[in-house]
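*Asks:* Provided herewith is a single structure, encoded as C-alpha cells, for subsequent inquiry.
Where a number appears in this text, it was derived from the coordinates with a stated rule and is not lab data. The structure presented is a predicted model; accordingly, all values stated were derived computationally and were not measured. Ideal geometry is used to build each Cβ from the backbone, glycine not excepted, and the neighbour counts take in all protein chains shown.
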Amino acid sequence: MNTSQVAKLLGVSPKTVQRWVKQLNLQMERNELGHYLFTDEDINTLRDIKDQLNQGILFHEVKVAEKKSPRKGIMKTEAAESDPDFDELLQKIAELDQKVNSKADSVVSYQLLQHRREIEELNERIAELEAKIESFEKQKDKHPAQHPLVFDHIKAPKKQKRRNLISSIFSF
C-alpha cells in the first residue's frame, strides 16, 4: 500500500504517516520514485504507534517493535550518479527538515508555557475575588440590616402648565 492508502486506513493524514516513519527511523521499503511502500507488518507497526499515542504516551517515548529482517529501499542510481551535488542536496533537505521539526516543537512549548501563565493569573484573580466575597460576607454578618441601603429619591420636575396658544400670544 502507498502512504495515502495507509493514512486513510489508520484515520490520519499522509503527512502524519510520513512524520512517524522519519522521526521514529522506521525502515520502510521505497519504490523507484522514492515513495514508501507499506506491507501488512508495517501497517501493524503504525497501528501500534497510533494506539500508543492515543493512550497518552508522548511521541518520543513511543516504543516500536523491531522488525524481523531489515529491508532495503529501491532507488534509481542514475539520478545520483548524473548529479554530483545530489548527496549534498539530500543532506540540506534533512537539515531543513530537522530545523522545521525543532521550530515546531519550540513553538508548541512556548504556547504551553503561555497558557500555563494565563491559567495561573486567572487562578490568582479567582482567589482574590473569593477573599473579597468572604470579607463582604463577614461585614454583612457583623452589621445585619442596621443601615439598610437607601437611595435618595429624586423629585421629578414639576410639569409646567400649558398656556393656551392665544393667551400666550397676547400676554405682555
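*Asks:* What spacing in nm lies between the two simple spin-label points modelled at Tyr110 and Ala131, each 7 Å away from Cα in the Cβ direction?
*Replies:* Roughly 3.4 nm, to one decimal.
*Asks:* In what sequence, highest mean first, do 17-24, 87-94 appear when ranked by Cβ atoms within 10 angstrom?
*Replies:* Those peptides, ordered most packed to least, come out 17-24, 87-94.
*Asks:* Right, next: Quick check: pseudo-label points 7 Å beyond the Cα along Cα→Cβ at Gln18 and Glu124, how many nm apart are they?
*Replies:* 4.4 nm
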